[in-house]
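As structure tokens, the structure follows; a few thoughts come after it.
The values are calculated or read from the model by the stated rules, or taken from the named source; none is laboratory data. Everything numeric here is computed off the predicted structure, so don't read it as measured data. Cβ placement follows ideal geometry from the backbone for every residue including glycine, while neighbour counts extend to all protein chains displayed. Ligands, DNA and RNA are stripped out before the accessible areas are found, and what is left, the full protein with its side chains, is counted by its heavy atoms. Shrake-Rupley method; radii C 1.70, N 1.55, O 1.52, S 1.80 Å.
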Amino acid sequence: MATLSAFAPPSWPDPNSNATFHSEPIDDTSSVADSSMSADDHAPQSPPDPNPNVHSNPFSVPQELPTPPASRSPPSLFHLSFNQDHACFAAGTDHGFRIYNCDPFRELFRRDFDNGGGIGVVEMLFRCNILAIVGGGPDPQYPTNKVMIWDDHQGRCIGELSFRSVVRSVRLRRDRIVVVLEQKIFVYNFADLKLLHQIETIANPKGLCAVSQVAGSLVLVCPGLQKGQVRVEHYGSKRTKFIMAHDSRLACFALTPDGQLLATSSNKGTLVRIFNTLDGTLLQEVRRGADRAEIYSLAFSSTAQWLAVSSDKGTVHVFNLKVNSGSSGNENSRTASDPNLAVSSSNSSLSFIRGVLPKYFSSEWSVAQFRLLEGSQYIVAFGHQKNTVVILGMDGSFYRCEFDPVNGGEMTQLEYHNFLKPEEAF
């Protein structure tokens, strides 16, 4: 999932529920190494839940949402991220956070804090009422070393996780909370906030981390202890796999929902590599371009047939993948059964001279592209409609585009919005 940037809560998400917007309580937990739970001194005082075992009501958009004064200037964006199924996205601003629906595009709700504090991380749990937020910017709403658990049913924080250093990112599953620090990752059980695992990493200022989302055993991917190394934790089989993905530092990676395929890029930004997480096999390598670039996001389509890439070069690329989560490495049979995979590429036309000319000339290039403003920061995900991508910009831009899976070429823009406009503009 791409991003640009001891207390007993009265309600908690049901980690085993298949439906969204449901909650259940957890028990108190004692302090753990390098982290602690403490009473929420940021939330307004309220009496304890007389029956904490009762589920909270399903999530609903409040009838009345606070609207910023007309005189307030457009907010500054500190954070953008999609939720786990790319149906929604969250924005952290200099005075709160906002949640949007992707298709159809609309603002679901916003929370602007009275004292105007900034939010640097907003992590959704599908469409559940529980979010994880971290303060950010020059005037953070909460300390940057704390993960605040926000219940939007109550409109307040119901708990916090405190650490000894700045929180770089947070990842959520229905059964796990993963907190990423500069050189350490903590994995907690969602039901009781028990600390399950600690992982040491190389310096990770971007907070790189990805977790599988399919129900069942957890697959977690994070930087290893060496430059360019990826660590894959298979919690179901209790196996750890190290993959030397690149010679230079990792810039970005993405994981399929089932955790079987991993896409990685380095700080050079020219190549993207796709690995089998079970055995570390390199399955495919695609080329974004010839010159260096900063990769901002990687995203698999739901079937792992396509991979989208955004960078500071201002172009979103869509690549055709010849492997999928269900049959990693079974390239020939899948190509024969799917005519969409017969898209011509530089790889096929130059295969006869592979090994004779430099590797650049035999690279696999993108099938489709969409041009944006160079230098701006964008993240990308695949839309729920077939052959569409959703692009979010730190300038407040929202694009929905369609690509031709057979002929490729320039994508068609279907929709554009500026989600930083006043609420009445939607």
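Within the group S237, S302, which residue is under 24 Å from R127 (Cα atoms) and part of a loop (DSSP other than H, G, I, E, B)?
Testing whether each residue is under 24 Å from R127 (Cα atoms) and part of a loop (DSSP other than H, G, I, E, B) leaves just S302.
Give me the pairs: first residue in region 181-200 and outside any strand (DSSP E or B), second residue of a type in the set (K, R), beta-carbon distance under 7 Å, and six or more apart or on different chains, which are they?
As it stands, the answer is E182/R168; F190/R174; F190/R176, since those pairs meet every condition given.
List pairs: first residue in region 96-112 and within 16 Å of Y399 (Cβ to Cβ), second residue aliphatic (A, V, I, L, M) and not in a loop (DSSP other than H, G, I, E, B) anywhere in the structure, Cβ distance under 7 angstrom, at least six positions apart or on different chains.
Listed pairs, sorted by first residue: Y100/L108; N101/L108; C102/V390.
Look through region 72-126, keep the residues that are of a type in the set (S, T, N, Q) and in a loop (DSSP other than H, G, I, E, B), and return whichever of them is least open to solvent (accessible area, probe 1.4 Å).
Of everything passing the filter in region 72-126, N83 is least open to solvent (accessible area, probe 1.4 Å).
Would you mind telling me which numbered condition in (1) at pLDDT 95 or above; (2) surrounded by 20 or more Cβ atoms within 10 Å (Cβ to Cβ) E200 fails?
It is condition (2) that E200 fails.
Examine region 142-150 for a residue that is farther than 23 Å from R98 by Cβ and aromatic (F, W, Y), and state whether such a residue exists.
No.
Here's a check for you: in region 163-173, which residue that is more than 15 Å from the chain's Cα centre (by Cα) and surrounded by 16 or more Cβ atoms within 10 Å (Cβ to Cβ) is nearest to R110 (Cα to Cα)?
Here the answer is V167.
Given the criteria open to solvent by 30 Å² or more (accessible area, probe 1.4 Å), in contact with a Ser or Thr (Cβ under 9 Å, 6 or more places away or on another chain) and modelled with pLDDT under 95, does P143 qualify?
Here the answer is yes, as P143 does meet what is asked.
Could you identify the single residue in T270, T281, T277 that is at pLDDT 90 or above, surrounded by fewer than 19 Cβ atoms within 10 Å (Cβ to Cβ) and under 23 Å from R249 (Cβ atoms)?
On inspection, the qualifying residue turns out to be T281.
For region 369-414, which residues satisfy the criterion of being of a type in the set (D, E, K, R), under 24 Å from I99 (Cα atoms) and either open to solvent by 40 Å² or more (accessible area, probe 1.4 Å) or not assigned by the TED database to the domain that holds G289 (or both)?
Result: K386, D395, E402.
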